[in-house]
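See below for the structure under consideration.
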Amino acid sequence: MDRQLLQQLRALIGRTLTYGGHSCRIIEILDHEDALVLRCEDSERVIQGNQFGEANRRVKRTHTLPLFDNHRSLNPVIRAWLES
């Protein structure tokens, strides 16, 4: 990922955006995986498992969005967020 795109993505951290009909906040960039992590602010809490798959605690639902498609084009959803 190039440095300019990474800076633009970092500016999105903490912003609340709509994704899948839900109000979500961008909470992390996984630059080695080329993905963004979103936390749904308006959804019910779900059970999160620990590293052994055992129910551990209730957290807000998260989504991991890939930054690029198979052709290395920027995800159109993320592109729209950067342009707004």
**Request:** Filter segment 31-64 for residues that are aliphatic (A, V, I, L, M) and in contact with a helix residue (DSSP H, G or I) (Cβ under 9 Å, 6 or more places away or on another chain) and give the result.
**Result:** L36
**Prompt:** Which of the residues spanning segment 1-50 are in a helix (DSSP H, G or I) and touching a residue at least 60 places away in the same chain (Cβ under 8 Å)?
**Reply:** L5, Q8, L9, L12
**Item:** Pick from segment 54-69, criterion exposed (fewer than 13 other Cβ atoms within 10 Å of the Cβ) and modelled with pLDDT of 90 or more, ranking: nearest to M1 (Cα to Cα)
**Value:** D69
**Request:** Would you be able to say whether some residue in segment 34-53 is more than 13 Å from L9 (Cβ to Cβ), at pLDDT below 90 and either in contact with a Cys (Cβ under 7 Å, 6 or more places away or on another chain) or among the acidic types (D, E) (or both)?
**Result:** yes
**Message:** Suppose we keep only residues that are over 20 Å from A11 (Cα atoms) and not in a loop (DSSP other than H, G, I, E, B) within segment 59-84. Which one would you say is nearest to the chain's Cα centre (by Cα)?
**Reply:** K60
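The values are calculated or read from the model by the stated rules, or taken from the named source; none is laboratory data. For clarity, every value in this text was computed on a predicted model and none was experimentally measured. Please note: Cβ atoms are built from the backbone with ideal geometry, for glycine as well, and neighbour counts cover all protein chains shown.
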